[in-house]
1. Report Rg(Cα)/(2.2 N^0.38 Å) for the chain, keeping two decimals.
2. Ranking request for peptides 16-22, 62-68: highest mean number of other beta-carbon atoms within 10 Å first, then the rest in descending order.
3. Quick check: pseudo-label points 7 Å beyond the Cα along Cα→Cβ at ASP7 and GLU69, how many nm apart are they?
4. Let me see the P(r) profile for the range 1-42: every Cα-Cα distance counted, bins of 5 Å, each bin given as a percent of all pairs.
5. How far is helix 30-69 tilted off the main Cα axis of the chain, in degrees rounded to 10, range 0 to 90?
6. With θ set to phi - 60°, apply the Karplus curve 6.51 cos²θ - 1.76 cosθ + 1.60 along the range 2-9 and write out the HN-Hα couplings as whole Hz, x wherever there is a Gly or Pro.
7. How far apart, in nm, are the 7 Å Cα→Cβ label points at ARG22 and SER37?
8. Taking only protein heavy atoms into account and a 1.4 Å probe, give the accessible area per residue of the chain in Å².
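The values are calculated or read from the model by the stated rules, or taken from the named source; none is laboratory data. Note that the coordinates shown come from a computational prediction; the quantities given were computed from them, not determined experimentally. Because the Cβ atoms are built from the backbone with ideal geometry, glycine has one as well, and the counts that use them run over all protein chains shown. These area figures cover heavy atoms from the full protein model, side chains too; ligands, DNA and RNA do not enter into them. Shrake-Rupley method; radii C 1.70, N 1.55, O 1.52, S 1.80 Å.
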Amino acid sequence: MSRIPDDRLNSVIARHTAIEERLATAAGGGSEYISLSREYAELTPVVQVIDEYRKARGELSDLEEMLAET
């Protein structure tokens, strides 16, 4: 199985965080706000999957270490 490069995952998370910060400080309404809200909504489930993927990758690494010790 091929791994997704961490820099690509990090860029998705960074974009999500940047949008979150802009939405927190922006006034509601307007086309930019709507566009950012839409992109944020699209990225949120992707970021959740990235978090789950990283957690699973860490658990796999831990299990491989345990197997190597036996």
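1. Against the compact-globule rule of thumb, the ratio is 1.55.
2. 16-22, 62-68
3. 3.5
4. Using 5 Å bins, I get a P(r) of 5, 22, 25, 18, 12, 8, 5, 3, 1 for the range 1-42.
5. 10
6. My calculation for the range 2-9 gives 7, 9, 7, x, 4, 5, 5, 5 Hz in order.
7. 1.5
8. In whole numbers, the chain has 78 Å² accessible per residue.
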